[in-house]
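Have a look at the structure that comes next, please.
The values are calculated or read from the model by the stated rules, or taken from the named source; none is laboratory data. Source: prediction; values computed, not measured. When we count neighbours, we look across all protein chains shown, and the Cβ atoms used for this are built from the backbone with ideal geometry, even at glycine. Keep in mind that these areas ignore ligands, DNA and RNA; they rest on the heavy atoms of the full protein, side chains included. Shrake-Rupley method; radii C 1.70, N 1.55, O 1.52, S 1.80 Å.
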Amino acid sequence: MLKSKMTRRTFLKASAITGVVAASASYVGRGNISDASSIQDAEKIPNLCNGCSSRCGMTVTVSDGRVVRVDGNPLHSRSRGTLCGRAHGAALLAYHPDRLTEPLKKNENGEFEPISWEQAYKEIGEKLQTIINEHGPDSFAYFQNPKRVQRLYGDRFVEALGSANIFSHNASCNLSRDTGFKHVLGGVPSGDVANAKVTLFIGRSYGDGIRPSQLQNLVTAKDNGSKIYIVDPRLNSTSNLADEWLPIKPGTDLALLLAIANVLIEENLYDKEFCEEHGNRFEDFEREMKQYTPEWASDKTDLSVDVIKQVARDLGENRPKAIVEQSWKGAFGCNYENSTETARMVGLVNALLGNINVDGGMLFTSGPSLESPDNLKEPGELKPRVDGAGIKGEKWYLADTAKGVGNAVPDFVKEGKLKAAFCQHHNPVRNHPDYEVMKEGYEGLDLLVVVDIWMSETAEVADYVLPESSWLERTEAVEGLGGKTPTVNLRVQAIDKIHPKTKNFSEIMSELADEMGLSDYFTDLETENRTACEKLGISYDELLEQGTIQLESTWEPGYQGSNTESGKVEFACQAFEDAGFTAVPKWVEPKVTIPEGEFRLIHGKQNIHSHTYSTNIPKLAQISKEYNLDSVWINKKRADELGIKDGDPVIIENEMHTGKTTAKVTEAIHPEAAFYPSHYGSRASLTYNDDNGLSINDYTPHQYEAMSGAPNMMETSVQIKKDGA
Amino acid sequence: MARYGMLIDTIKCVNCYACSLACQTQNGLPDDENFIYFLEKEEGTFPNVKRDFLPVQCQHCDEPACEEVCPTGATYKDEDGIVVLDNSKCIGCKYCGVACPYSARVQLHDSMYKKGTYEDAGREYNYTVEKCRFCKELVDNGEQPACVTTCISNARIFGDLDDPESELSKAIVEKKAKPLRADLGTKPKIYYVR
Amino acid sequence: MTMWGMLIAIYLFLAGISAGSYITGILCDWYVKDERLIKLRKAAIWLATPVLGLGLGILIFDAEAGLFNPWRMAFLFNNLPFSMMSTGTLIITLFFFLLVWHGWLEFKNKFVPNWVKVTGLVLALGTAAYTGLLIGLAQVPFWNTPMLPILFSVSGVSAGIAAAFIAGVMWDKSIIEFIIPLKKVHLGLLVFEAFLLFSLLYVAASRDVTAAQSVSMILTGELALWFWGGLVFIGLVIPITSESIELIKHKQVEPPLDLNLQHFSAGKGEVMKLYFVEGATIFGGFCLRLIIISAAIPINVML
Amino acid sequence: MTQTTTMQNKSEIYSILAEGLKTPTEDWVSWYNDIGREKLKSLLISFPILDEQEVSNCLPKQLDFKEVDHLYRSYFILPGPQRVVPAESIYKQWTVRNSAFALSKGFLMGDSAEHMNNIFKELDIEIPEEFSFMPDHLILQLELLSLLEENGNEEFVNEFIKEHLDWTEDLVAECTKKQWSGFYYLWIQLIHMFFHKECWKC
């Protein structure tokens, strides 16, 4: 049929044509936008930064509906009025061209197509229900970023359906650490660095993985003359604040700790009274530690006997105001075959120093308890976790249940145990080692729903991708922060939604719950928030105004017992014996021995980046480029042998992957280690991700640490050679 | 009337770029231009190594080389000792940039400036040779420069050098802070602890 | 690298040539005193004018903020006498006006008072020296030596003489026969330039670490080809050898007493050779400035 | 050509160009194949400044709906390596206000968006909700131009194009970078050519 006229779908609707006819050209340009003065009248709205996951308190200055600057919130206990670079970089995230703007569904051809929210809810609800009916609720899992709003709406959704399968990104952060601490101390304390006289950092760098308050505490400690040791194969960015750098051979921190325990006991520099009174089976521990002499450890760690003794004596003589800092991912978060044992020993060395819950020691503080409205329906009994974490007789009985062995998901999918999953603000396909295995695993799910602000490697293999409002566009749940002085904090929406079809996570989950007939479990965010404040006896309106409220301190000094099986500090732990390991921690070799001529590929954070998403922020990507931050650190001597000069293009390869980068030749790293930052090498198609370096996860195989199931992220060996040589 | 200066404690500096990013936003600079840049030096051999981080910006010299060479008088020292630029006089000859021992000058120009210039609405850089101005607009308002407020390790102290009681003056004495390359005779007013 | 690049190198080069060319004109008048060089004199003085104008144009072009806001150029003399840029611009501007006037008088074949020539000579020398002082006063260790203004002046005059020769010979080939006295001066300058150049490098390399880096960048680094090939071989070795040979030859052959067409044997080869040799000198002068500008490494503030 | 005809023609051109950037329908594709191509071509070459051959090269003879639909999705809709957002803000400095983030680049809702909103408000024009975050989208700008030309406000058009349509070159560059080909690549080039050759001034 011949069409003579085009059917117009005119978008612009002029209500009065006369306006268009008479409009003066002076409307265009010149002064027709608000000028500088308007910033003076701008509004300041409290928010919590999302540059990383620390959620520092900030104020957002908004003028004419647009963000014009961000500042640290002086009232907030983490930022204390300051902000790191990530905050400034991420402030314009809402306006990023890569934002997802509407729900997407993958069609039969494997291509995404936009759909309506109604359709998304309907289809997801039906599919999820079918899967649960067929395979049971434990075939469904949820991958979250553990913040309160995710717990209120994500965790509860999963639990309402009867599943306990909640995983977080912690598997590739601190699964080993948390598992170790859980069994010896009953949880992870935080080091009172500001008041300690001696602090030993193992792998953790406050200057690289920044949380302003921690760094400020360290500065205070330095000003007060405390002694700071940094144990790290690499001289990290916190090094200027340290008195001494112990350039340990990667993967041998456990040996150092065992020897420290040996010296403390041999030289009677430990808190005998504390250990005997509050320790479980201390005598077993005492006996076992005898074998780990400083001489033995020196051989393992490449540190001198004198240094090991000196560290131990410094700690012992200054107890209880002497700590081995709890770390995060650092060296033993999830990196080596011996990481859980290392974590246990960190806990136990602290116990030897008698510093548990004393000023200048390792503190157990709690945050405010925040409650939901009473009339909400509570989830019933849950099916056991698919990873068996915390279940006696299961492979990962020891693993911390709050995090789960998230890196094992591809296996569960392959075994047919997992069929459906939701994932929010988390990118497991890229963040866990071995991209191919992860991709295949997540693709194998019958239903994968990803909620995010832009595409990620995980979103690319999802069946549905739901667009979330970005952090400045949403109010979240009231959340608490522990510490000697606990606080209550709130993220308050600062700007209107840029993309009208995006939704808050809380909206998405409660609307989906409505669709699935689970609405009794949920209420709206405002009610949640008002209830939480009411029950605490604080004003929600005040919280909306200033973003943070300090509460009375509930912290009491002195040992309060441990949340362990025995209720004491477990110098020997039955659970480990039950799981087929030894009750007392013992030396475990790293899984991979580095062959002559190769390097152990280690990684860590860079202070302008967070995980793998921030390299898509132009300001931050620019800094990486300008200062060549995506280079691999190689020891000068090794580089000389390989004929590599500073700035040379090099190839990093092993049997898994080959990639190009540039070399940073330096004296500041152990010869066996090659350090590459963990933020680069994204494979998601995002604007600023072209050619943005390598990913450490491409070089590490899919593997498990025996005790916690953590992914052993630094158990890999690589070759480095000059490109073109 | 004051004589503003700053102290940067590089022992506390962790090279996190927060100051430069805050500066960039405060001054509305494009992503690839900055008034603060970072130098890094490594001393010694493994395992006795020291890494030295040094954020550098305009040192607000008492005898600024840039002011001396500026042909048009666009660069001058204001009554508070802040070295500023009258960008309605700057011709962009860049002599200041060549004369400055600290390489603290930045010529702001980019194709992006030519686009979307709603001219009278905002700051005009068009090819003038800019620099750190100690966030004069904030300081005049009783606030601190953006790099100081954002600094997560409180490595920067801003204040009046003429006031012996100021936190700055005291810290300089106490920490024996020194300007960079005082031997050049420009009398810089940023003091470094190293 | 500093904020100055190729454009400034060209500017300094052109200003030097202009000064040198004018000086050649005056030398014809006073030193050689040969009436047969009138054309060379005129050519030299006339050439100086557009070359300087072009240089000034490039300077303005490099000062983009001024280029887009021309009225700001009025502020250029605000910082007299402290800013070498102000002082230099004043000297160059005065020199430019003088050139125009002097050129006009020459064009009209009018008498040029001696004070004009003296003033012109002073301004020309000022211009040549200024090109060196401008960068010599900057805080770049490699530039910061008293030898640089002298080197730039000498090289400017030498390139100026070369340019004037070319211009003159293009106008009238016969001039070739009468410029021997000037060639002596030229050869002297070239030898002096070579001496200054190596002393500068030696002094710079020995007095400051950063300057030494600049020197090694020139001698063995990324600028080595420009230096050894462009400046030393083309700009110095070729002209010095060629001029020396010519002067030695000249001693053996008496110059012709008067000009007649038969004797005018300066064939095509002779002319081409002059173009080539003098062109090489000019190219060398350009290389010198480009190398000096490019080799700048800012002061090390991290000491 | 009289002035009125020229303006009518231009209005028609802007309208067709805008239409071509919207989600393709079978109707539109068959209209293009049967009539649209020839019509647009004759409208365009009524401006002597445009070369017939060049215009022809930018207008594919036959469009296939499925193909166009597929291209449209991967170029404009779906997040992926080839998506381009044709909104002015992204290609210009974010704001010229004396404020933080002034010269950041590559973000939505910059000054140009705010300015477009002001213009729409002044002119009493409503825009669809899905464009509320990019009132400076190329489609809306083309439609506005069409509307203005139709109603004979030439002066406004000239000012508007000077201020708001100087970014099509960067758009073409972006599309080239993202390895576009086929109909939409040509269409964007055509739009750029029209503004670049200053046909709007004819």
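Ordering A:LEU642, C:LEU247, B:LEU29 from largest to smallest accessible area (1.4 angstrom probe), what's the sequence?
The most accessible residue leads, giving A:LEU642, C:LEU247, B:LEU29.
Sticking with this one: Enumerate the lysines that A:LYS290 could reach by cross-link, defined here as Cα to Cα under 18 Å, with residues fewer than 8 away along the same chain left out.
A:LYS272, A:LYS300, A:LYS309, A:LYS586
Turning to a different aspect of this structure: Distance cut-off 31 Å, Cα to Cα: go down the list B:LYS131/B:LYS170; B:LYS12/B:LYS136; A:LYS106/A:LYS664; A:LYS44/B:LYS189 and report the pairs above it.
A:LYS106/A:LYS664; A:LYS44/B:LYS189
Got a number for the accessible area of A:ARG319? Probe 1.4 Å, square angstrom, nearest 10.
90 Å²
Ignoring everything but the protein chains, give the 1.4 Å probe accessible area of C:LYS42 in square angstrom, nearest 10.
The accessible area of C:LYS42 comes to roughly 20 Å².
Simple spin-label model, 7 Å along Cα-to-Cβ: A:THR10 to A:SER539 in nm?
The two pseudo-label positions are separated by 5.3 nm.
Oh, and also: Count the DSSP beta bridges whose two residues both fall in the protein assembly as shown, then state the antiparallel fraction as a percent rounded to the nearest 5.
60 percent
Given the peptides D:67-73, A:215-221, arrange them by the average over their residues of other C-beta atoms within 10 Å, most packed first.
A:215-221, D:67-73
Give the long-range amide H neighbours of A:ALA674: residues separated by 5 or more places, or on another chain, with amide H under 5 Å away, using H modelled in the peptide plane at 1.01 Å from N.
Placed amide hydrogens put A:ARG600, A:LEU601, A:ILE602 under 5 Å from A:ALA674.
Could you name the lysines whose alpha carbon sits less than 19 Å from that of C:LYS42, not counting residues in the same chain fewer than 8 places away?
C:LYS33, C:LYS108, C:LYS110, C:LYS117, C:LYS173, C:LYS183
Excluding ligands, DNA and RNA, what is the accessible area buried between chains C and B, summed over both sides, using a 1.4 Å probe, to the nearest 100 Å²?
Roughly 2900 Å² of accessible surface disappears when C and B pair.
Would you work out the relative contact order for chain A, in percent, from Cα pairs under 8 angstrom that are 6 or more residues apart?
18 percent
OK, next. Please report the Cα spread of chain D along all three principal axes, rounded to whole Å, starting with the longest.
Rounded to whole Å, the extents work out to 51, 43, 28 Å.
Evaluate the range C:85-172: find the radius of gyration of its Cα atoms, find its Kirkwood radius, and give the ratio Rg to Rh.
So for the range C:85-172, dividing Rg by the Kirkwood Rh gives 1.06.
Further question: Give me the distance in nm between label points sitting 7 Å out from Cα along the Cα-to-Cβ direction at B:TYR76 and C:MET272, one decimal.
6.2 nm
Still on this structure: Determine the shielding of peptide B:141-149 by partner chains: average, over its residues, the number of Cβ atoms on other chains within 10 angstrom of each Cβ.
Shielding by partners across B:141-149 averages 1.
Now a separate question. Using only Cα atoms and rounding to the nearest 10 degrees, what angle (0 to 90) does helix A:525-536 make with the longest principal axis of chain A?
Roughly 40 degrees, rounded to the nearest 10.
Which order do A:SER708, C:SER206 take when ranked by solvent-accessible area (1.4 Å probe, heavy atoms of all protein chains), largest first?
Per-residue accessible area, sorted high to low, gives C:SER206, A:SER708.
Let me ask you something else. If you count, for every residue in D:128-136, the Cβ atoms of partner chains within 10 Å of its Cβ, what is the mean?
Mean partner shielding for this stretch: 4.
Could I ask something else about it? In degrees from 0 to 90, rounded to the nearest 10, what is the angle of the helix A:305-317 Cα long axis to the longest principal axis of chain A?
Relative to chain A, helix A:305-317 is tipped by roughly 80 degrees.
Also, quick follow-up: What order, most packed first, do the peptides A:52-58, C:293-299 have when packing is the mean number of other Cβ atoms within 10 Å of each residue?
A:52-58, C:293-299
Which order do the peptides C:215-225, A:401-411, A:136-146 take when ranked by the mean count of other beta-carbon atoms within 10 Å per residue, highest first?
Result, highest mean Cβ count within 10 Å first: A:401-411, A:136-146, C:215-225.
A:THR662's amide H: which non-local residues (gap 5+, or another chain) put their own amide H closer than 5 Å, with H modeled 1.01 Å from N in plane and none for Pro or chain starts?
Those qualifying (amide H under 5 Å, at least 5 residues apart or on another chain) are A:VAL632, A:VAL650.
Roughly what angle does helix A:212-223 make with the longest principal axis of chain A, taking Cα atoms, 0 to 90 degrees, to the nearest 10?
40 degrees
Oh, and also: Counting protein heavy atoms only and a 1.4 angstrom probe, how many square angstrom of accessible surface do chains A and D bury in total, to the nearest 100?
For chain A against chain D, roughly 5800 Å² becomes buried.
To continue, here is another question. Compute the signed sum of charges (Lys and Arg +1, Asp and Glu -1) over the other residues within less than 14 Å, Cβ to Cβ, of D:LEU142.
Net local charge, D:LEU142 excluded: -3.
Can you name the helices of chain C, as whole DSSP H runs, whose Cα span along the helix axis is 18 Å or more and whose Kyte-Doolittle mean is not below -1.0?
C:6-27, C:38-62, C:84-107, C:114-136, C:147-171, C:180-207, C:238-252, C:268-294
May I ask which residue of C:ILE45, A:ALA94, C:ILE91 lies farthest towards the positive end of the charge dipole of the protein assembly as shown, with charges of +1 (Lys, Arg) and -1 (Asp, Glu) on Cβ and the Cα centre as origin?
Working it through, the farthest residue towards the positive pole turns out to be C:ILE45.
On the accessible surface of the range B:4-193, probed at 1.4 Å, how many percent belong to carbon and sulfur atoms?
47 percent
Oh, and also: What average count of beta carbons from other chains do you get within 10 Å of the Cβ of residues in B:41-54?
6
Counting C-alpha atoms alone, how compact is the range A:42-95: give Rg to one decimal and Dmax as a whole number, in angstrom.
For the range A:42-95, the Cα radius of gyration and maximum Cα-Cα distance read 10.2, 30 Å.
Can you flag which of A:LYS182/A:LYS568; A:LYS182/A:LYS535; A:LYS182/A:LYS329 are past 20 Å Cα-Cα?
Exceeds cut-off: A:LYS182/A:LYS535.
Could you rank B:THR10, D:THR2 by how accessible they are, 1.4 Å probe, largest area first?
Order by accessible area, largest first: D:THR2, B:THR10.
In whole Å, what three semi-axes, largest first, describe the equivalent ellipsoid of the protein assembly as shown built from its Cα gyration tensor (square root of 5 times each eigenvalue)?
64, 44, 29
Give the aspartates and glutamates whose C-alpha is closer than 20 Å to that of C:LYS184, dropping any in the same chain fewer than 8 places away, or say none.
C:ASP29, C:ASP34, C:GLU35, C:GLU193, C:GLU243, C:GLU246, C:GLU254, C:GLU270, C:GLU278
While we're on this one: The range A:371-477: which GluC sites (Glu not before Pro) are DSSP loop and have at most 10 other beta-carbon atoms within 10 angstrom?
Counting only loop positions with at most 10 other Cβ atoms within 10 Å, the GluC sites (Glu not before Pro) in the range A:371-477 are A:GLU381, A:GLU415.
Further question: With a 1.4 Å probe and every protein chain left in place, work out the accessible area per residue of the range C:6-294 in Å², rounded to a whole number.
43 Å²
A follow-up question, please. Keeping all protein chains in position, work out how much accessible area B:ASP52 exposes to a 1.4 Å probe, and write it in Å² to the nearest 10.
Surface accessible to solvent at B:ASP52 totals approximately 10 Å².
Cross-link list A:LYS13/D:LYS10; A:LYS222/B:LYS50; A:LYS122/A:LYS503; B:LYS41/D:LYS105; A:LYS147/A:LYS403: which exceed 21 angstrom alpha carbon to alpha carbon?
Checking Cα-Cα distances, B:LYS41/D:LYS105 exceed 21 Å.
A:SER695: net charge of surrounding residues, Cβ under 11 Å, Lys/Arg +1, Asp/Glu -1, itself excluded?
-2
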